[in-house]
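Since the structure comes first, as structure tokens, the remarks are kept for the end.
The values are calculated or read from the model by the stated rules, or taken from the named source; none is laboratory data. The structure presented is a predicted model; accordingly, all values stated were derived computationally and were not measured. All Cβ positions, even for glycine, are placed from backbone atoms using ideal geometry, and neighbour counts span all protein chains on display. Protein only, heavy atoms only, side chains kept; ligands, DNA and RNA dropped before computing areas. Shrake-Rupley method; radii C 1.70, N 1.55, O 1.52, S 1.80 Å.
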Amino acid sequence: MTLDIEFYRRTVYVPGQGNKRTPRRVSVLDLQPVNATGTMVLIHGYGGNAMQWLYQLRYFGQRMRVIAPDLRGHGLTDDPHSLPYSMEGVVDDLEYVLAELQVAHPFSLVAHSFGGAVATEYALRHPEQVSGLVLIGVPSRFILRPILRRLMNIPDPVFSSVAKTVGVALFAPVRTLRALHDHAMATWRGYERLPLLRVPTLVIMGQRDTVFLREHYEDVPRSIPHAQRVVISVSAHLVQLERPDAVNRAIRRLVDATLEPALATHNGLNATATVAVRGERGKAPMAAGETATRNRVITMPWLQYYDDNVPEQVAPSRQLLHDLLSNAARTYPERTALIFFGQKIGYRELDLLSNRLAHALHSLNVKDGQRVAIVLPNIPQCVIAFYGALKAGAVVVLGSPLSSEEELRYQLRDSGATVLLTLASYRQQVKQMCRETAITHVVYTDAREYLPLRQRVLLASLLEESMPHSQQQGLQGLQEQRGQTLANTHAVLHASSSSWHEHALQHLLRRQPATPLDSRVTSDQLALLQYTSGTTDTPKGVMLSHANLLINCIQIRHWTPEAQRGREVFLCVLPLSHAYGVTDALNLCIGLAGSLVLLPTNRIERIMDAIKQYRPTILPGVPSLYLAIANYPHVRRYGVSSIRTCISGSAPLPVEAQEAFEKLTKGHLVEGYGLTEASPVTHSNPLKGERRVGSIGLPLPSTNAQIVDMQTGAAVLPGEVGELLVQGPQVMLGYWNKPEETAQVIQGGWLHTGDLARMDEDGFFTIVDRKKDLILAGAYNVYPRDVEEVLYEHPKVLEAAVVSSGSSASSSPYIKAFVVLKRGEHATPDELLALCRERLDSYKIPKQIEFRKELPKNLVGKVLRRLLVDG
């Protein structure tokens, strides 16, 4: 896999006609690399879809903007029953789509079969917009053989079944095919229109096309003045799929001849550079562009260590985040999208529910760009709310239900959110949180709404165990009302005397249509306000656009090329209120049309039960999760071998944990790195290639990184420690309403991470530690991870954290280690100190070791060293 084209599918909303005025969706593949040097528009034929241009999209999309729409009723594009077919209407659709996508003129227009008739009409209507026209397998008349026309009298789904049986790939229902044939295709008289063409034209033909009459194919190059002709030795009608390289070469000759000569030079250089860098593992190429390629390897040495099929660059996508869900729902409507304690929600249902929520938010006067706060655990309503708010054009503000009232009040006030979606059990907390904020509507939901009755008691107990004590009391009160229906809950809400309006989620959804909304939002606009943890200073709202979050999803997807669309099962233990969970679990899973198993608890017993029951294939997580699984009693009985891919983040991954987990699962567990300000992932070790112990790996595709001196800001030599800087399309827009803080962190296009790191000569990066966690031991600097790795080598140690302690006016700082032992193990500090004396320099040896039952962690499992120091 070189590029997953589905992540570049956009939706254009064409204004509806008639009384309902419902906009109809046109699905378009839109691939636009950085510094694109031209534009190409691809029009598929009768019964086809945009994916038939896969080879052309991947080939020309490396250097040009390439656009491939699905015609009406084909692929993922709507076909309203009330809209009549005509050639003029089909060309109008194309005209509207290109205008909405702001396609620059002139562009190359490439078409296959009946798409050639559409392209011809467009070129006749707008000759000044078309630099060159390529007609592939296009006859002058479209006269179907009688047996094919009679088949269209068979109703669906029998027609589709017969078509598949005889090996005909059709991507439109019989109703669409019949209407298009009778009212647009059969009535077109190409031999009358072709002589009027005045744009440079290339005609590509197969040698023995059998779909339409041979003489009608021959008429096309004869009828067009000065047309070029290429015959390719293949009998199939879909010549661009049967002989893509030959077709691409022919198209390229026309493109290079009709665009400026600089394009040809640029194309040649790019093609050479791509092959050279990935081919000989950094050896100098013997071709044009040799110097540029060598310099690229020197400045980005990590490229030569990428796994096969991982691209060096991925083009930014203009797709919107919620299009991930809509596209998956139209391609895999019956596939399970969410699994929640045995309850399954399919993609079609999830898409329609999020549509209803989008309409509900509009009914609450939510406008484009307004903020909607979601404070929910990992339950289906969180997913519905996330995509529903985006579909309404809103900006999502994610808050953790485990955060304190003060933290959530600050986020609501700072973000200016006007709507809050949260659990009904939090009503008492809401009264405190929403005071002195802009909240005008609070939407309540019950965590058990999408569960069968027998599972509701179990879920309530799990949520209670994971909540602070004050919230547990509210949930206990709700449990006493188990027999109460949601309608009764709605009545209770209206009894409130709050200054904001209160609603029950299900009551809102039932009153709304399930039709899609066109919010007119663009990919550059804000999608998510994600607040930092605030462990060192005031929390800041990280502004992440649709483009930021989507490109990070694309980068991770291409880092895992063996992931299969429509087949993966993700286990979501990461909280969806954190950027790590949003990207690596939610968006990546929905983008791949996978099944997301939602767990609102981090209890290892429940996690193991979910693994046994649902056999997940992908498990994003944190080191403590993989440690717990690897050390779980009788772990092999739980079917952990189903897990193939894991990228660990949030904290350093101990080598012992990695080796033990991979031995159990036979899958791949690699350490990665990220931060909220980068959507969040920037680095990862290769899944199959070389991995280096303790390293966070290599920058992801389209990501640059460097190490600079903390005082001077100058780049340091390989192996030297400095601050890690990151540059890439996933880097945030900035901090919400904090321009000064933004300017301090983003300088010259580089994100200053605040992490100390080093890069070796091959481009592998290693996080040494956070600057704030650096321990001063006399004249020496001690990095906690160096000490922790040694402690993890002890067979009795489950977790370890090292901090600087004892720093005050009367005492000097010293190194202190906090250790959690494995279940059933006993040890003394002297046992661990003896190991440290063997492996560490004297100034790195802890002065004190304290045993704990558990270490304090944030919501994604990162150890909160500050609490250890304060404690």
Residue 565 vs. criteria in contact with a Phe, Trp or Tyr (Cβ under 9 Å, 6 or more places away or on another chain), in contact (Cβ under 8 Å) with a residue 40 or more places away in the chain, charged (D, E, K, R) and open to solvent by 10 Å² or more (accessible area, probe 1.4 Å): yes
From the options 585, 630, residue that is among the small types (Gly, Ala, Ser), at pLDDT below 95 and either within 24 Å of residue 660 (Cβ to Cβ) or over 16 Å from the mean Cα position of the chain (by Cα) (or both): 630
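This table checks each residue for (1) open to solvent by less than 10 Å² (accessible area, probe 1.4 Å); (2) on the phi > 0 side of the Ramachandran plot; (3) touching a helix residue (DSSP H, G or I) at 6+ places or on another chain (Cβ under 8 Å).
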residue	(1), (2), (3)
529	yes, no, yes
543	no, no, no
553	yes, no, yes
556	yes, no, yes
593	yes, yes, yes
For residue 600: the one exception among (1) part of a loop (DSSP other than H, G, I, E, B); (2) open to solvent by 10 Å² or more (accessible area, probe 1.4 Å); (3) at pLDDT 95 or above: (3)
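So which residues in the stretch 4-24 are touching a residue at least 60 places away in the same chain (Cβ under 8 Å) and either part of a helix (DSSP H, G or I) or surrounded by 21 or more Cβ atoms within 10 Å (Cβ to Cβ) (or both)?
Our first condition is that a residue be touching a residue at least 60 places away in the same chain (Cβ under 8 Å); within the stretch 4-24, this holds for 4, 6-14, 16-18, 22-23.
Within the stretch 4-24, 6, 7, 8, 9, 10, 11, 12 meet the criteria.
Considering only the stretch 613-622, I want to know if a residue exists there that is closer than 28 Å to residue 692 by Cα, without any contact (Cβ under 8 Å) to a residue 40 or more places away in the chain and either in contact with a Leu (Cβ under 7 Å, 6 or more places away or on another chain) or not acidic (Asp, Glu) (or both). I'd like the intermediate steps shown before the answer.
Within the stretch 613-622, the first condition is being closer than 28 Å to residue 692 by Cα, and the residues that meet it are 616-622.
When the remaining residues are screened for being without any contact (Cβ under 8 Å) to a residue 40 or more places away in the chain, the result is none.
Within the stretch 613-622, none of the residues are closer than 28 Å to residue 692 by Cα, without any contact (Cβ under 8 Å) to a residue 40 or more places away in the chain and either in contact with a Leu (Cβ under 7 Å, 6 or more places away or on another chain) or not acidic (Asp, Glu) (or both).
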Residue match in the stretch 329-339 (condition: among the basic types (Lys, Arg) and touching a strand residue (DSSP E or B) at 6+ places or on another chain (Cβ under 9 Å)): yes
Matching entry among 804, 812 (being of a type in the set (Gly, Ala, Ser) and either touching a helix residue (DSSP H, G or I) at 6+ places or on another chain (Cβ under 6 Å) or in contact (Cβ under 8 Å) with a residue 60 or more places away in the chain (or both)): 804
Answer residue from the stretch 407-423, given it is open to solvent by 10 Å² or more (accessible area, probe 1.4 Å) and among the polar types (S, T, N, Q) and is nearest to the chain's Cα centre (by Cα) among those: 411
In the stretch 739-763, residue surrounded by the fewest Cβ atoms within 10 Å (Cβ to Cβ) [restricted to those that are assigned to a loop (DSSP other than H, G, I, E, B) and under 27 Å from the mean Cα position of the chain (by Cα)]: 748
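Results for (1) open to solvent by less than 20 Å² (accessible area, probe 1.4 Å); (2) in a loop (DSSP other than H, G, I, E, B); (3) closer than 23 Å to residue 160 by Cα; (4) of a type in the set (Val, Ile, Thr), shown as yes or no for each residue.
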residue	(1), (2), (3), (4)
36	no, yes, no, no
48	yes, yes, yes, no
53	yes, no, yes, no
62	no, yes, no, no
73	yes, yes, yes, no
79	no, yes, yes, no
84	no, yes, yes, no
90	yes, no, no, yes
Scan of the stretch 835-859 for residues that are assigned to a strand (DSSP E or B) and either open to solvent by less than 40 Å² (accessible area, probe 1.4 Å) or in contact (Cβ under 8 Å) with a residue 60 or more places away in the chain (or both), ordered by number: 849, 857
From the options 722, 694, residue that is closer than 27 Å to residue 869 by Cβ, open to solvent by 10 Å² or more (accessible area, probe 1.4 Å) and at pLDDT below 95: 694
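Any idea which of 83, 76, 71 is within 20 Å of residue 123 (Cβ to Cβ) and out of contact with any Pro (no Cβ under 6 Å at 6 or more places or on another chain)? So that I can check it myself, show each step before the final result.
Working: 83 fails: within 20 Å of residue 123 (Cβ to Cβ); 76 fails: within 20 Å of residue 123 (Cβ to Cβ).
That would be 71, the only listed residue that is within 20 Å of residue 123 (Cβ to Cβ) and out of contact with any Pro (no Cβ under 6 Å at 6 or more places or on another chain).
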